[in-house]
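Read through the structure below, which is laid out as structure tokens, and then see the notes.
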Amino acid sequence: MLRKPVVLITGASGEIGHGLIGSLANDADRPIITLDVKSLAHELGRLVAQEFIGSILDTDLLERILSEYEVDTVFHLAALLSTRSEFTPMTAHHVNVEGTMNLLEFAQKQGESHGRPVRFLYPSSIAAYGLPDAATKASVGKVTENEWTKPTTMYGCNKLYCEHMGRYYAKHYKQLAAEPLAGKVDFRCLRFPGLISAVTVPSGGTSDYAPEMIHAAAQGKPYPCFVRPDTRIPFMAMPDGVDALLRLAAAPKANLAHTVYNVGAFNPSAEEVRAVVLETFPDAEITYQVDEKRQGIVDAWPADVDDSAARRDWGYTPRYDFERAFSEYLIPTIRSRYQT
Ligand code: AKB
């Protein structure tokens, strides 16, 4: 029996999956299968060939998918984000590390069985960085991929470790075996900034204050922002995040000098986000109620990232700067979503 070639998306019902399924369903020449503990919203469910409801920790389920499908690309999106992971570090380790190891092993077996490398797209995060103090954060400016990688959160440690695991599978897997086995997993990783979607609201992250502020204002709900007004980290509009994943997936392997790439777009302070939200929703009640512990997490993340390697190697170019993200994407889409 011939297995069917497909793209697999894990964590497909989350924020990135939402945008990715829509784009892949339009463009890709491969049917999509998904794996998530939650079922997909109806409008997304009808765009995929098969929806597996289950956990990335369920190796029997992964074996079943392996036996039924020929997966040539994996978008491994399933993860517990930074705030949630601090409350349940062991669960975060299970999902973020063991789950990723299961998927890397799955991709290795797929590659060995059909003889072609499986492209493995892995969203990492600015949480992989850890700056020691505010003075360093202010002085270092844009960080490059190999600087300041001493994360302070469980999630950041999980992401950084899995970046190394991906590189291991791609380049050094079972290096002492008689037959060469490395290279079956074509691991490609993006370090995302905070992502802001107009159609979904994040949960469990620490960069959530920006999207939460916008969605609350559009619904006429008061919002106590949990970080200081001067807090600055990089952000990106979700369509650029999805586009970056697709572009990196499509890039010729020979062009990729790295396995891990920073991608940035704009890096407003919390107060700059508040100001632009107030221009559109002047009655919005956005106050500050700083949570010192969550503040500590974002203070360890860089104020900006150097994404010149991504621009050079695979043509990364975000469509939305801060101004356009709001005027052309967030505000019009959010307005129509909540009909304000
Ligand atoms: C989080 O806040 O945990 C994520 C991230 C920046 O990776 N949004």
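Observations on the structure shown:
- Of the residues Arg46, Arg294, Arg167, the one that moves most in a GNM of the chain with alpha-carbon contacts below 10 Å is Arg46.
- Within the full protein context, the accessible area of Thr144 is estimated at about 50 Å² for a probe radius of 1.4 Å.
- Label-point separation, Val140 to Asp291 (7 Å along Cα→Cβ), nm: 2.4 nm
- Carbon + sulfur, % of accessible area of the chain - ligands and nucleic acids excluded, 1.4 Å: 52 percent
- When restricted to Cα atoms, the chain yields an Rg and a Dmax of 19.8, 69 Å, respectively.
- Maximal additional length on extending the Lys150-Leu176 stretch stands at 6.4 nm, based on 0.36 nm per residue less the C-alpha distance.
- Accessible area per residue in Å² at 1.4 Å probe, computed on the chain: 43 Å²
- Computed from the C-beta positions of Ile53 and Arg319, the FRET efficiency with R₀ = 30 Å rounds to 0.35.
- What the Cα convex hull of region 155-237 gives, in volume per residue, is 119 Å³.
- Dipole magnitude for region 202-340: computed about the Cα centre from +1 point charges on Lys and Arg Cβ and -1 point charges on Asp and Glu Cβ, it is near 460 debye.
- Considering only Ala170, Ala254, Ala92, the mean-square fluctuation computed in a Gaussian network model of the chain, springs between alpha carbons under 10 angstrom, is largest for Ala254.
The values are calculated or read from the model by the stated rules, or taken from the named source; none is laboratory data. All figures in this text were calculated on a predicted structure; none of them were measured in a lab. Glycine also receives a Cβ, built like all others from the backbone with ideal geometry; neighbour counts cover every protein chain displayed. Surface areas here come from the heavy atoms of the whole protein model, side chains and all, with no ligands, DNA or RNA. Shrake-Rupley method; radii C 1.70, N 1.55, O 1.52, S 1.80 Å.
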